[in-house]
Amino acid sequence: MHIGRGGMSAILDVRDLRVTFRVGSITQRRDILGVAGVSFEVNPGETFALVGESGSGKTTLARAVNGLQEISSGSVTFEGNRIDTLDTRSMKPVRRRMSMMFQDPVGSLSPRMKVGDLVTEPFRIHGVADVNLREETRRLLSLVGLPADFAERYPHQLSGGQARRVGVARAVALNPAMIIADEPTAGLDVSVQGEVLNLLNDLRERMGLAMVIITHNLHVVHHVADRMAVMYLGRFVETGDTEEIFQAPAHPYTAALLSANPEPDPDKAHDRIMLPAEVPSLLARPPGCEFHTRCPWAQSKCSTEPPAIVERDERRIACHFPLDPGARPPEQKGAA
Amino acid sequence: MTVLTIKDLNVTFSTEGGDLRALRDVSFEVPERRIVGIVGESGCGKSTLINAILGLLADNGRIDGGSILFEGQELTALSAPKMRDLRGQRISTVFQDPMGALNPVLSVGRQMQNIQYRSGLSRAEKDARSVDMLRLVRIPDPEHAWARYPHEFSGGMKQRIAIAMALMMEPALLIADEPTTALDATLEVATIELLQDLQQQIGCSVLFISHHLGVIAELCDDVVVMYAGEVVERGTTRQVFNTPRHPYSIRLLECDPARQAERTRNLPTIPGEIPDLRRRPQGCIFANRCDRKVAACDELPPDVAVGDGQVARCILAEAV
Amino acid sequence: MFAAASEDRRQWLKPLVRILREPLGALGIALVILMVGGAALADFLSAFEPNKISPRDRFQGPSLTHLLGTDQLGRDLFSRVLHGGRIALSVALFATAASLIIGIVLGLIAGYGPRWLDNLMILLFDSIKSFPTVMLALALVTLFGPSLTAVVVVVVLVNVPGYARIIRTQTLALKTSEFVTAAQSMGASTARILRHHIMPNVIGPLLILASMDIPVVIAIEAGMSFLGLGVRPPTPSWGAILNDGFTAIRDTPWIAIAGGLPIILTTLGFTFLGETLRDVFDPRLKARG
């Protein structure tokens, strides 16, 4: 089920979004581009994954979509309405429809509040009066598979997986249309991360939720996301159907990321694309294609001309020379 | 030859809620020139084990039984000053956060000089060795990097410098505690390959702790699987990953989404929680979460040898 | 992870037990109970009116009738000390509570509000703090005349900058924490975030500090009354009694002792209690000394 680009019914439509940060002292003020012009859309009921390494701008992008981070240009349209121009007050009704989950399962729960108060806080914030909060607590806890007596616990009395469930319960309390989940499996053990992902998926199916999942764990993406975008230095280098990208990554960075994923199989032959050098600083973006400093396939054109977006079916690739399926680097440069 | 032999090690912490059995009858070996991985989830006792080896247990912890034999020396009976001499010279460590090993106010070169205080080398010789070591861990331009301060390096480089410092004195054993966990995937694989190279060049043994099954599979020769303070299974990496015998190892491997070749929306999990180790259940430690539990599991299971060095603490190990 | 409910029920007893286990904490509690009890039951414990002048009984030494003797106007010192305790303790509690409320509100505003407001308020706190307490007291008394109000205002001005700074620093740290960001993303108002998410997490250490400041407040009241800047005669106050005794300390030392001893005991009692509280709950604060 992938309605691609231009799906008329997109629930979230982000166009050319940019976020700049101001850094340095008063005398040496500089702007850096945290998110450098990103466009994507998410359809109802769809799971969209944002993938990238630390500093790629994926969390900043999520916050910008959620209105927690001011944007410098571009637009965010949610359920047909522009929301990037709204002030805090007009944004409030939108927050009922779009909820966000943060990285730290325990740290995103207010430490002095009991679980019961935490999961029903959305009702109190939005002044939803016609519900019995005690019953809602019971309903939400059972929805995420926690016993009712957990309502009396404090966050520090929960394990990571339990705390994450509380976070999920709170995110779905007001029947949102979309959830943005920032690293939903961060800090969780392998045996627990499946529980959380299954739960999110189950709720997605039951409530018809759209989801944006931000993660650096590619194995997770493979199982949960319909479509995905790979970020590098605040830009999307490749966007498309998850299965297709895993089958045949077209951007060299995607290919390197996929090959860098250690697999729990001692007999696996590692045919790695090693990336030389380190990620450039956002303060000194390379000219031309910003990935050329690390790209094993880079040619002279790459260091001078920024690549245009190449479209291949449903795929969008920011590369002068998109890879053919199964391509190997011309010659491995000195490995990093 | 084995570098480190741990036999029936028991560690207990006295807590407000009673005695906590943090490690129960832990046994395994680290042979010479091999990389042994310890894998386990939170609460499995990995950190306690490392601290017990290094003689750094918290004040309320005690070793009550068992032995830790390192290069023929019994560490549990070693005096604190002797233990201190061992650490950093014969046994060195790398942790998840490299800044724990790096002093922010001293240059990298100065710190590397300090480590070599017992080497008897002249200052110039020490510095030359430091530069060589930095080159070995692939720090670009090591002659100049030598004079720089830790904060001037990126996270991946800091971890490589920490590794260089740990291997400086050519220890017999390197203990690496989740050294790649904070790194991005591309840096993680680079660091693993670096560790592998260095281990071969220096010829030390490595005890590598990680919760990341992929990293363990790729790097380690042998694997020790820990659960709730016990070694539930150990063997070569191939044995444990290809033919796991303990139900916990089997389930843990299943849970890794990377082992699911087919795309699925229903990922396997291990329902339940680890038992409270202050009130350890009578029988098998995994019984309350095990789907193969039988009546006999209410008694302590023996360590069952299932062939050529592979051992599982499960009465069903041979049948599984 | 286990028996969470029964743990909750015992929760409130635990700190008390832990304080009583420390010798200094137990002594502190005993002294505080002694002083508070004496002040509260002043009317029952003493047969004499604190302000009743009786020229015939001037300068009597301690006896069974007058446990602590009498002063230069023949007033019963035991009664005056007990009633003086009421003044001292109520000023201490009221002034401390006022400092806490004002300090918390200002600290939250400085920590959560815009940067320029924060800078402005820090400047204000620092300027108030740089004023010596005695000068501040003299200036206020010159403006308003000696009174209990002057004492309270001095205490508040002395305490608030420090309290507000502590709250501000912690608020700044929590402002960007994930649970606050999560509340923002749910649409919570600033007032709600401050009240429900930040305040409960920042006031704990401050309450401990405030309990350690109570002896300072008592000393300020006594000091100002001693100097004639606080309580107006004939209202009994430990500082005033001390002053009465001071002039004739050679001939009638019991008056100065009657005024000084309760100050020492109360100060010690609250200090021991406060320090034990701090050690039990927040060892990190030790560094502040």
In the range B:35-53, anything surrounded by fewer than 18 Cβ atoms within 10 Å (Cβ to Cβ) and either part of a strand (DSSP E or B) or more than 14 Å from chain A (Cβ to nearest Cβ) (or both) is listed as B:SER47, B:ASN51
Given the condition farther than 17 Å from A:VAL190 by Cβ, of a type in the set (Val, Ile, Thr) and exposed (fewer than 14 other Cβ atoms within 10 Å of the Cβ), answer yes or no: does some residue in the range B:276-293 qualify? no
Test result for B:GLY235, surrounded by 24 or more Cβ atoms within 10 Å (Cβ to Cβ) and under 21 Å from B:VAL3 (Cβ atoms): yes
Give the residues of the range B:285-314 that are under 24 Å from B:GLY43 (Cβ atoms) and either touching a residue at least 60 places away in the same chain (Cβ under 8 Å) or not assigned by TED's automatic domain parsing to the domain that holds B:PRO247 (or both), sorted by residue number. B:ILE285, B:ASP303, B:VAL311, B:ALA312, B:ARG313, B:CYS314
Does A:ALA308 satisfy being outside the structural domain of A:ARG30 (by TED's automatic domain parsing), within 28 Å of B:ARG259 (Cβ to Cβ) and not aromatic (Phe, Trp, Tyr)? no
For the range B:57-76, enumerate the residues that are of a type in the set (Asp, Glu) and not in a strand (DSSP E or B). B:ASP59, B:ASP64, B:GLU71
Tally the residues that are more than 15 Å from C:ALA164 (Cα to Cα) and aliphatic (A, V, I, L, M), restricting the search to the range C:194-215. 2
Given the conditions (1) at the interface with chain A (Cβ under 9 Å from one of its Cβ atoms); (2) buried (at least 24 other Cβ atoms within 10 Å of the Cβ); (3) within 15 Å of the chain's Cα centre (by Cα), which single one is not true for B:ILE209? (1)
Quick one: in the range B:168-206, which of the residues that are farther than 18 Å from B:ASP221 by Cα and polar (S, T, N, Q) is surrounded by the most Cβ atoms within 10 Å (Cβ to Cβ)? B:THR186
Hey, does the range A:290-302 have a residue that's more than 26 Å from B:ALA258 (Cα to Cα), outside any loop (DSSP other than H, G, I, E, B) and within 14 Å of chain B (Cβ to nearest Cβ)? no
Which pairs do you get when a residue that is more than 14 Å from every other protein chain (Cβ to nearest Cβ), found in the range B:122-138, comes within reach of a residue that is polar (S, T, N, Q), reach meaning Cβ atoms under 6 angstrom, with the pair 6+ apart or on two chains? B:LYS126/B:GLN113; B:LYS126/B:GLN116
Being within 19 Å of A:ARG139 (Cα to Cα) and assigned to a loop (DSSP other than H, G, I, E, B) is the filter; apply it to the range A:178-222 and report the residue that is modelled with the lowest pLDDT. A:GLY208
Which residues, counting only those in the range A:15-50, are part of a strand (DSSP E or B), in contact (Cβ under 8 Å) with a residue 12 or more places away in the chain and among the charged types (D, E, K, R)? A:ARG15, A:ASP16, A:ARG18, A:ARG30, A:GLU41
Residue in the range A:97-130 that is farthest from the other protein chains (Cβ to nearest Cβ), counting only those that are free of Cβ contacts under 8 Å to residues at least 12 places away in the same chain and outside any helix (DSSP H, G or I): A:ASP130
Given the conditions (1) more than 22 Å from the chain's Cα centre (by Cα); (2) buried (at least 16 other Cβ atoms within 10 Å of the Cβ); (3) at the interface with chain C (Cβ under 10 Å from one of its Cβ atoms), which single one is not true for A:ASP149? (2)
Quick check: anything in the range B:194-204 within 14 Å of chain A (Cβ to nearest Cβ) and in contact with an Asp or Glu (Cβ under 9 Å, 6 or more places away or on another chain)? yes
Taking the range B:212-225 as the search range and keeping residues that are in a helix (DSSP H, G or I) and of a type in the set (A, V, I, L, M, F, W, C), which one is surrounded by the most Cβ atoms within 10 Å (Cβ to Cβ)? B:ILE216
Among the candidates B:ARG313, B:ARG289, B:ARG265, residue that is basic (Lys, Arg), touching a His at 6+ places or on another chain (Cβ under 9 Å) and modelled with pLDDT of 90 or more: B:ARG313
Would you please name the residue that is nearest to A:THR88 (Cα to Cα), looking only at residues in the range C:177-215 that are within 11 Å of another protein chain (Cβ to nearest Cβ) and among the β-branched types (Val, Ile, Thr)? C:THR190
Here are the criteria: (1) surrounded by fewer than 22 Cβ atoms within 10 Å (Cβ to Cβ); (2) free of Cβ contacts under 8 Å to residues at least 24 places away in the same chain; (3) out of contact with any Ser or Thr (no Cβ under 7 Å at 6 or more places or on another chain); (4) aliphatic (A, V, I, L, M). Tell me which single one A:LEU133 does not satisfy. (3)
Out of everything in the range A:248-282 that is part of a loop (DSSP other than H, G, I, E, B) and in contact with a Leu (Cβ under 6 Å, 6 or more places away or on another chain), what residue ends up being farthest from the other protein chains (Cβ to nearest Cβ)? A:ALA250
Checked the range B:212-238 for anything in contact with a His (Cβ under 9 Å, 6 or more places away or on another chain) and within 8 Å of chain A (Cβ to nearest Cβ); matches are B:GLY214, B:GLU218
Tally time: how many residues in the range A:66-96 are in a loop (DSSP other than H, G, I, E, B), within 14 Å of another protein chain (Cβ to nearest Cβ) and more than 18 Å from the chain's Cα centre (by Cα)? 3
Looking at the range C:50-97 only, could you name the residues that are part of a loop (DSSP other than H, G, I, E, B), among the hydrophobic types (A, V, I, L, M, F, W, C) and buried (at least 18 other Cβ atoms within 10 Å of the Cβ)? C:LEU68
Only one residue in C:GLY245, C:GLY274 is assigned to a helix (DSSP H, G or I), under 21 Å from C:VAL216 (Cβ atoms) and modelled with pLDDT under 85. Which one? C:GLY274
The lone exception for A:ILE317 - which of (1) crowded, with 18+ Cβ neighbours inside 10 Å; (2) part of a loop (DSSP other than H, G, I, E, B); (3) away from chain B (no Cβ under 14 Å) it fails: (2)
Restricting attention to the range B:239-287, which residues are aromatic (Phe, Trp, Tyr) and either at the interface with chain A (Cβ under 7 Å from one of its Cβ atoms) or not in a helix (DSSP H, G or I) (or both)? B:PHE241, B:PHE286
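The values are calculated or read from the model by the stated rules, or taken from the named source; none is laboratory data. Values in this document were obtained by computation on a predicted structure and should not be read as measured data. Methodologically, a virtual Cβ is constructed for each residue, glycine included, from the backbone with ideal geometry; neighbour enumeration extends over all protein chains shown.
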